[in-house]
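Peer 1: After the structure tokens below, expect a handful of questions from me.
Derivation of every value follows stated rules applied to the coordinates shown; laboratory data play no part. Source: prediction; values computed, not measured. Cβ: placed from backbone, ideal geometry, glycine included. Neighbour counts: every protein chain shown.
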Amino acid sequence: MVVAGHLGYDVMTAGGLFPYYSFHVPLFMFISGYFYKDAEEEHPLAYVKKKCARLLVPYLVWNLFYGLIALFLRNCGFSKNCPIWKQG
């Protein structure tokens, strides 16, 4: 819902009477609290390490992969906001 809102889509607005942005942040907070575990408070450093391994490592691997592809395409003559082919 957050992505759709930033893109300007009018999803789940019920004709403008019930905009989704009136509940998407409280819903996110509720879901986050629902999945929270008290056991994580016992070892906060282990919790942070686990979250870094689960979230940051895939993020950094993806950015490396994406960056290499972007570098390759830039060196082949492609660049941002330029047409892929020349029109006639």
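Peer 1: Could you give the length gained by full extension between Leu7 and Ala53, i.e. 0.36 nm per residue of separation minus their alpha carbon distance, to one decimal place?
Peer 2: Contour length minus the Cα-Cα distance gives 13.6 nm.
Peer 1: Follow-up question, since we're still on this one. Which distance in nm do the two modelled labels at Leu73 and Lys37 give, with both placed 7 Å along the Cα-to-Cβ direction?
Peer 2: Distance between label points: 3.9 nm.
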